[in-house]
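Asker: Structure provided below as structure tokens; questions to follow.
Throughout, read-outs are computed from the coordinates displayed, never taken from laboratory work. What you see is a predicted model; the values in this text were computed from it and never measured. We place every Cβ from the backbone using ideal geometry, glycine too, and count neighbours over all the protein chains shown.
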Amino acid sequence: MKSITLYEDKNSILNKLSPEVKMLYVAAAIIISAVSGTKLVSIGFILFSILLLSTSKVIKKTLPILMMSGFVICTVTLIQGMFRAGNVTPVFNIGPAVFYKEGLLFAFNIAVNIINILLSFCVLVLTTKPSDIIENFVRKGFSSRIGYVFVSIFEIVPQMVDTMSTIMDAQKSRGMETEGNLLVRMKAFVPLISPVVMSSLVNTKDRAMALEIRGFNARNKKTFLNEEKKSKADGIIKIVLLSSIVIAVGWRVSLWLK
């Protein structure tokens with residue numbers, strides 16, 4: 001069954017690591033960068049994330065994500081560079097627009113934070129199946145019902161898109177106009193959407209019956225189809241990441257207490 005996912009199986013080192021380790025890396029990249037007080041740490045995490053994504057052969061899939069965030073970064077740069085309170089030192093001007101050093105530095109810090117967060121999440125989502133992430137939460141005590149809801153979200157939407165495409169082709173074969181101006185599309189909307197909704201309701205009922213047959217609501221302890229794979233590398237990396245987070249937070253707290 002199709003699923004909404006950016007995951008790609010390149011048989012890389014990251015693909016073989018457990019979801020828990022990659023989630024810890026995301027937490028470390030955000031928390032350590034936030035408490036360190038210097039952007040050099042954030043830049044270091046950005047470079048390391050790029051290295052991980054490059055070795056996993058998924059670096060190209062980050063480009064659309066970064067391009068989408070580029071609009072936000074450009075907007076922040078324009079606003080902060082020109083209008084931020086406290087702007088004193090002019091750096092350059094484009095016509096009547098003057099950009100100031102203080103605002104540009106502030107915008108640079110925001111941009112570094114955004115890119116760091118995006119790339120660290122890319123390490124997780126580009127190398128991990130959504131179902132594996134949810135299964136990892138369920139193994140740790142997360143509600144299986146809520147876990148199923150999240151997994152279903154990734155699967156139901158592509159299923160509805162496929163159903164919509166099939167119904168559209170069927171309606172076209174019957175002579176219905178589905179392409180053209182706005183009025184033509186609005187007329188075709190109801191005959192197209194009604195079968196999609198009815199099909200989704202039938203599929204939902206079938207899913208519910210299938211889950212009941214498999215004892216989904218049983219109160220007994222659940223078992224898993226896939227065995228949990230743990231390696232020594234997972235354990236070592238987990239210890240290193242947790243230790244780094246604790247040390248960074250402890251160091252920052254000690255500075256606050258002085």
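Asker: How would you classify segment 68-218 from its alpha-carbon gyration tensor, with a ≥ b ≥ c the square roots of the eigenvalues: rounded for a/c under 1.5, else prolate if a/b is greater than b/c, otherwise oblate?
Answerer: oblate
Asker: Continuing with this model, one more query. Using only Cα atoms and rounding to the nearest 10 degrees, what angle (0 to 90) does helix 182-213 make with the longest principal axis of the chain?
Answerer: For 182-213 against the chain, the angle is about 80 degrees.
Asker: Arrange 102, 212 by Cβ neighbour counts within 10 Å, fewest through most, would you?
Answerer: 212, 102
Asker: Taking each pair of different alpha-carbon atoms in the chain once, compute 1/r for the pair, average those values, and report the inverse of that mean as the Kirkwood hydrodynamic radius in Å to one decimal.
Answerer: 22.7
Asker: For the ranges 197-209, 84-96, 48-60, what's the packing order if you count other beta-carbon atoms within 10 Å of each residue, average per peptide, and put the highest first?
Answerer: So the peptides 197-209, 84-96, 48-60, ranked by packing, come out 48-60, 197-209, 84-96.
Asker: Could I ask something else about it? Can you tell which of 92, 202, 147 lies farthest toward the positive end of the dipole of the chain, using +1 and -1 charges on the Cβ of basic and acidic side chains (Lys, Arg; Asp, Glu)?
Answerer: Checked the options; the winner is 147.
Asker: Also: If each residue's Cβ is checked for other Cβ atoms within 10 Å, how do 7, 148, 100 rank with the fewest at the top?
Answerer: 148, 7, 100
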